[in-house]
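Report on the structure given below.
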């Protein structure tokens, strides 16, 4: 958090059918449905999140990610980052407070990979869902499905990885927690963090711009990953791979698809990061093991099925 | 245990290189190396097993299973089962006490699937490995690798499943715990037990006789399956599939190969069986989900890679 | 199962307030409520149990256990065991089919410890709760609380342990899986089984007759024990001890009390037994560790709080 | 990390017998023994720690904690914090680079609770133990005992909690993650963090100054806590309480003692913190549940057994 950006705070996902998507994200992933706005967008959150929402679903003709937002410490940080972005030649769009319900003003910019990102300093805090602020129980009764605890990160595909790495590192103060380098020592995958997590956002090199690989949600344990896998089968949800472990980050994971074809991940565990940690590095020659630690080969979908 | 057969007691596996195999079964699976006999066979066991050994490795030109043995209650049972086998037209071969070191006399017969099975009443009891008989600790220090607790069952491929089912059910007193039936209601897979386990031996229909699908070993927990998967990667061992869950038996599992190409399984959990339980039935139309509950499709290896 | 007795099949527990008890056993333990009979008794079961019920709650002035029942293979076994009981001097009471709804005729006798036991051959089979008989899912949606999978065993306190051991071993065909012996090598605790479980019923020596220590229910995993512990706190239920491990059986466990003061256990894991296994023996000098493996001392309640 | 302090980096613990202590911390906790210095101090670390060491054992007449050190981002931060400490009236002692082997210069000060703390900017980085920097495996082979992954935090007892809270919050930039307040809304326990962890250091109000409650080490899972508990029994180590869960932080935990009477904790899970999170608050009236979530009462040792 070298430059006042705290965390991945929200993601807006395009879905083809809002009701089907809601059933998926609320009943299967177990996100808490918060509300619907007058643009017909649905807001959700993981139960441990203090802020009002972290996932926004928008019905559209084409699936994918509209944008991802990071929460910053305060409005001063927001202004400084805007100046820095402008100074580095990035255009900045302003979204007024309330455009997302309960969220303060946001500034939006486009990364060299083609993805849109936002920064914001204020979001209504409704507290953890289902437990008291005083003497809180260990977890709330009444959680559904996978009981996802929080929105964790996104993995995005696009070109210009080195420039995007520079943007996130130099302008926004992210740190490089883990990376994949090719034989020429160029970065083909970068896992960027602003906290102790292995990543708040990650990028993989891809010729096509602005592609969405997955949004990821945190679970408590490897047993929770098993339960998630069981639920994926019981609900006849399309699975990608898992339960397995990643080599990169060493998280324990399962990938699957929402009804619109957007990939989701639920995972637990994984490496932790501090600012003085050298980045964990995998060689592209070992990309299979870096991604799927047990299988040690990529499935055909990992590099090609994107939204 | 309607006819005095207690459990799957041992399996003799053919391996192409004894030292490589020993490294695999002892250091990776974590079986306890017991001794080597004058035929150069190596004996091993899981640490919770009271009897002296359960796995015998024999170096040979071709991988596969030589035979699988079941322990019976006493010599009277052994004689009765021999009479029953003969009465049902099965030839019975006698192996003298000591032919396997520490094992009493065995009677051997061939099932209609082409596999060889043995019954025996006596085996030297050396006790659980590494813990005291009095005031035993929860587990021994010094276990290696996957820390496999016991040999559990084999899955075998061959023809004549219905007759083999009849042999195990009517002559040997096994019970049908789980099965797969085709649209004509014929059994294409039978999971046979003599105890509370979901299977002591299982058969899947296959035109080729006497094929070995896997030998399976029991682990304590889903986390132990994860550790096993990690070790498979760390040792660059050939993986088949997993961690995953079976639909049949609902066990949590991983499949991999020994250096000779014999498939192994380690697993935990799974259904329990009592004699009054109707068999759990899966339809062949759902075979993918019956075998690999999360993936819901068979991989190409499941039906074709056998030894 | 040397004499055709298959398993611990049911227990009838006296409770002081039926509605409070139902809330406890159904909503907290997660047993399935089956029905209520015209004597106002409530029937419940664990979701994996094939038979119609395993727990019967009866409102009474005094808490405790009315009786515990074992299911036998068939009516022939039932008649043989009755003859054996009579031949050994035990009085046998007959309860007609339907006295417990869905249960066939039962024969009842009193053990030297003062407890009443029953044998029965028939009980309506309603199948596992919430999953299909064909292509069954891994577990049902909609389970409550601790999601207890099955009634497993009871631990009972009373005098005449050696005679009771003789009754269960010689007359009923139970096996001694684990025991505690005093310095004179007398049995002060016996854990008796008819299957692969570490115990279907256990007895601990106590001068007072017919005392109920606990009824125990099986969980899937150590994580499920943690969730059970959390729920005990969240519901302000009286806890006894745990999560911890037993030395005897090595199961992972938690003890707590129903609203009437009857002790319950939920546990996972633990030793398995075969008929040729010598009994696992703990010395009375190590009774603390034998009972509570981590604490290594008994709490004051273990020997004194009984119903 | 509002003021450049990154994490709890080391603790120096006084032990009565260095060899016994080494056996405990290395063989039971599973810390990696790094080296011994010419003052006869032994250095250890958890295997995931990048820096050279995190635990220093010093033989002394009286057990307890000598000091606890926090690593800061760089030397500029170190100088700024020194100025701030001086400006707030704290005396600052300088320890030269190399006084702890592999550690740069440290500045030391005493908190109002009586404890000594240090800041330092440099420590030799030897990398995670047992795994490669490139394409790192999930975990190293050859770990011992509890396989503690890292030194996590200390809990300390002393007077002047409010002033100490002020020191850590205002001068050092820690955040208040969790707290216990009495009916007068005074802080009786404060859990302070500089990252996403629930605490890097915690204080509980106590009339006696400079008391050491425990040093805590992180484990991967609740199953690892069970294994730790088993090992505590197997090694006849003095246990305090657990396995259980804390109410505060919701971590899953076990407390035990080193041979000198210093308390240790190993734990997993627990709440995460961000700078915009309001502190989690427990009322002193619920202190029992706040500390031991399952038992809901303090044991007599929690408030009185200190070193």
From B:295, B:300, residue being outside any helix (DSSP H, G or I), surrounded by fewer than 22 Cβ atoms within 10 Å (Cβ to Cβ) and either in the same structural domain as residue B:14 (by the TED database) or touching a helix residue (DSSP H, G or I) at 6+ places or on another chain (Cβ under 9 Å) (or both): B:295
Suppose the filter is under 30 Å from residue C:132 (Cβ atoms) and surrounded by fewer than 24 Cβ atoms within 10 Å (Cβ to Cβ); does residue B:286 pass it? yes
Do you know which residues across region D:164-175 are surrounded by 23 or more Cβ atoms within 10 Å (Cβ to Cβ) and outside any helix (DSSP H, G or I)? D:172, D:174
I need the full set of residues from region B:95-118 which are touching a residue at least 40 places away in the same chain (Cβ under 8 Å) and either part of a loop (DSSP other than H, G, I, E, B) or away from every other protein chain (no Cβ under 14 Å) (or both), in order please. B:100, B:101, B:102, B:108, B:111, B:112, B:113, B:114, B:115, B:116, B:117, B:118
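Residue check: is residue B:216 away from chain A (no Cβ under 13 Å), under 26 Å from residue B:49 (Cα atoms), in contact with a strand residue (DSSP E or B) (Cβ under 6 Å, 6 or more places away or on another chain) and part of a strand (DSSP E or B)?
Yes: the conditions hold for residue B:216.
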The residue from B:204, B:161 that alone is surrounded by fewer than 24 Cβ atoms within 10 Å (Cβ to Cβ) and within 16 Å of the chain's Cα centre (by Cα) is B:204
When only residues in region A:189-209 that are within 23 Å of residue A:44 (Cβ to Cβ) and touching a residue at least 60 places away in the same chain (Cβ under 8 Å) count, which is nearest to the other protein chains (Cβ to nearest Cβ)? A:195
Does residue C:271 satisfy the condition of being touching a strand residue (DSSP E or B) at 6+ places or on another chain (Cβ under 7 Å), more than 13 Å from chain D (Cβ to nearest Cβ), without any contact (Cβ under 8 Å) to a residue 12 or more places away in the chain and over 22 Å from residue C:209 (Cβ atoms)? no
Would a scan of region B:9-22 turn up a residue that is within 12 Å of another protein chain (Cβ to nearest Cβ), part of a strand (DSSP E or B) and either farther than 30 Å from residue D:142 by Cβ or without any contact (Cβ under 8 Å) to a residue 24 or more places away in the chain (or both)? yes
Residues satisfying the stated conditions in region B:66-83, i.e. buried (at least 17 other Cβ atoms within 10 Å of the Cβ) and more than 21 Å from the chain's Cα centre (by Cα): B:77
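Condition check ((1) in contact with a helix residue (DSSP H, G or I) (Cβ under 8 Å, 6 or more places away or on another chain); (2) at the interface with another protein chain (Cβ under 10 Å from one of its Cβ atoms); (3) touching a residue at least 60 places away in the same chain (Cβ under 8 Å)) across all residues:
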| site | (1), (2), (3) |
| --- | --- |
| B:221 | yes, yes, no |
| B:229 | no, yes, no |
| B:244 | yes, yes, no |
| B:262 | no, no, yes |
| B:285 | no, yes, yes |
Being over 27 Å from residue C:51 (Cα atoms), within 13 Å of chain A (Cβ to nearest Cβ) and within 21 Å of the chain's Cα centre (by Cα), is that true of even one residue in region B:290-300? yes
Candidate set: region B:246-260, residues that are crowded, with 22+ Cβ neighbours inside 10 Å and more than 14 Å from chain C (Cβ to nearest Cβ); chosen: the one nearest to residue B:203 (Cα to Cα): B:255
Select from region D:12-21 the residues that are within 17 Å of residue D:118 (Cα to Cα) and surrounded by fewer than 23 Cβ atoms within 10 Å (Cβ to Cβ) and list them in ascending order. D:12, D:14
Just one of (1) over 22 Å from residue A:10 (Cα atoms); (2) within 14 Å of chain C (Cβ to nearest Cβ); (3) touching a strand residue (DSSP E or B) at 6+ places or on another chain (Cβ under 9 Å) trips up residue A:132, so point out which. (3)
For residue A:140: the one exception among (1) within 14 Å of chain D (Cβ to nearest Cβ); (2) outside any loop (DSSP other than H, G, I, E, B): (2)
Flag for residue A:169 being without any contact (Cβ under 8 Å) to a residue 60 or more places away in the chain, closer than 30 Å to residue A:72 by Cβ and touching a strand residue (DSSP E or B) at 6+ places or on another chain (Cβ under 6 Å): no
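The values are calculated or read from the model by the stated rules, or taken from the named source; none is laboratory data. Quick caveat: nothing in here was measured; it's all calculated off a predicted structure. Virtual Cβ from ideal backbone geometry, glycine too; neighbours counted across all protein chains shown.
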